[in-house]
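K.L.:
One structure is given below, represented as structure tokens, and several questions about it will come after.
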């Protein structure tokens, strides 16, 4: 895995090294978060997809206040970090934030604030084509909205699985997560049950039937109960012709 820059550090040692890192480079290899994320972008990517798709994630961070803001963007599971510094009333943007970190593929991005307030953030996943782009805004999840032990939520499978492809993703938090997934038909009949656990900061996105471990049918409902830990769970629906997409993000 390529990492930009010659300097690296663990995020557990970020605080005493912030000034030094700011002088060396905005990029660093991250291993352990110094604290839980203040915000999480469930999925970011820079990757080739089906139907000649070239998916990227555009990211904007803005400071609408009169005080400076700073912190870290941490890409999981690649464990890469980039410093951000926002003077009052300024905006920082990336056309392809994952590529800016020197890697490709999919992941999840933590926003860790160590000075000032939370920045205003817009994240957009898009298919970049010569004729233009198609894409979707990815909701940013605050730490207090993340599903935890005992919470229940559900994902809806698209009504047309020929026209659309359907993926499910999970990002576990610091304590990992255990899930029970129940796949039900549109009529409510239980068709399959999966129990699975993921370790701390695990991230994966898979085709829906692979994640659920059963062939999915149109309008299926995937009920999810967290039995330990915490996680963000989401699903994407992508048009097989245009690569236009939508996203479901499960929160409290």
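The values are calculated or read from the model by the stated rules, or taken from the named source; none is laboratory data. None of the values given here were measured: they were computed from a predicted structure. Positions of Cβ are generated from backbone atoms using ideal geometry, with glycine treated the same way; all protein chains shown enter the neighbour counts.
K.L.:
Please indicate, with yes or no, whether at least one residue in the stretch 74-81 is surrounded by fewer than 18 Cβ atoms within 10 Å (Cβ to Cβ) and at pLDDT 60 or above.
P.N.:
There is at least one residue in the stretch 74-81 that is surrounded by fewer than 18 Cβ atoms within 10 Å (Cβ to Cβ) and at pLDDT 60 or above.
K.L.:
What strands (runs of 3 or more DSSP E) completely inside the stretch 87-157 contain at least 1 residues that are farther than 26 Å from residue 244 by Cβ and at pLDDT below 95?
P.N.:
The strands (runs of 3 or more DSSP E) meeting that bar are 105-115.
K.L.:
What do you reckon, is residue 107 touching a residue at least 40 places away in the same chain (Cβ under 8 Å), closer than 21 Å to residue 197 by Cα, surrounded by 15 or more Cβ atoms within 10 Å (Cβ to Cβ) and not assigned by TED's automatic domain parsing to the domain that holds residue 221?
P.N.:
yes
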